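The values are calculated or read from the model by the stated rules, or taken from the named source; none is laboratory data. Because the structure is a prediction, the values reported are computed rather than measured. Please note: Cβ atoms are built from the backbone with ideal geometry, for glycine as well, and neighbour counts cover all protein chains shown.
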């Protein structure tokens with residue numbers, strides 16, 4: 001597979017981070033699956049990740065499976081309501097499904113249940129990709145959430161636990177990072193970097209109390225816009241910087 005130039009931008013950003021945390025918010029059809037796959041392939045090849053889980057809608061699970069296999073040589077097992085019984089029959093006593101299969105594509109509707117959520121968090125891979133991440137965050141005010149708020153809250157609780165491990169690589173993919181719910185957007189940013197949620201919340205309160213508040217340049221969160229074909233500028237929110245990539249292979253993280 002020959003990626004387009006703009007699809008390499010997230011990979012270059014990932015190479016500059018010790019622990020990869022990215023929110024990739026490209027328009028529909030631009031290739032977020034390819035961008036995430038390039039990062040996953042690199043992390044696995046360099047040994048900085050050993051296991052991978054993709055959380056996505058069950059309707060997109062087979063598409064993800066095909067893309068990862070055909071374009072990146074990653075053979076992932078589907079973990080859906082319709083497949084879990086078969087997969088669990090092959091487990092040894094006390095073995096977790098997520099330990100048995102290092103590469104999985106998991107239905108967000110399936111994994112949000114209490115039983116499976118706790119097992120996944122306990123045995124969560126060191127690299128997690130979340131597709132349609134905007135559907136996995138909830139607004140702080142339940143009145144903003146509408147009928148889907150309860151479902152989103154369960155997914156959000158799962159992702160908060162997953163992102164709590166500071167050494168876990170996390171890629172959030174969405175074409176609509178801001179759905180008009182300010183607190184939901186803050187919560188989405190907080191999965192990438194907790195300080196982003198706190199900073200945007202403080203800034204919002206300050207702007208409401210004093211519209212003329214001036215924020216120093218050092219407090220601004222940097223955003224990178226890649227040169228690609230989109231209907232509107234696309235923002236990526238990186239976590240802390242790592243050293244620029246070198247020509248040779250990167251060394252593994254040390255504690």
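Going by the structure shown, is residue 131 without any contact (Cβ under 8 Å) to a residue 60 or more places away in the chain and either more than 20 Å from residue 25 (Cα to Cα) or crowded, with 16+ Cβ neighbours inside 10 Å (or both)?
Numbers: without any contact (Cβ under 8 Å) to a residue 60 or more places away in the chain: no; either more than 20 Å from residue 25 (Cα to Cα) or crowded, with 16+ Cβ neighbours inside 10 Å (or both): yes.
Criteria not met by residue 131.
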Could you identify the single residue in 9, 54 that is touching a residue at least 12 places away in the same chain (Cβ under 8 Å), surrounded by fewer than 22 Cβ atoms within 10 Å (Cβ to Cβ) and touching a helix residue (DSSP H, G or I) at 6+ places or on another chain (Cβ under 9 Å)? 9
Hey, among 17, 65, which residue is surrounded by fewer than 22 Cβ atoms within 10 Å (Cβ to Cβ), under 21 Å from residue 136 (Cα atoms) and within 18 Å of the chain's Cα centre (by Cα)? 65
Residue 28: passes all of (1) under 27 Å from residue 166 (Cα atoms); (2) within 17 Å of the chain's Cα centre (by Cα) but (1)
Say whether the condition of being under 15 Å from the mean Cα position of the chain (by Cα), on the phi < 0 side of the Ramachandran plot, surrounded by fewer than 18 Cβ atoms within 10 Å (Cβ to Cβ) and at pLDDT 85 or above is met by at least one residue in the range 150-159. yes
For the structure I just gave you, tell me whether residue 171 is part of a helix (DSSP H, G or I), within 28 Å of residue 30 (Cβ to Cβ) and either in contact with a helix residue (DSSP H, G or I) (Cβ under 8 Å, 6 or more places away or on another chain) or touching a residue at least 60 places away in the same chain (Cβ under 8 Å) (or both). no
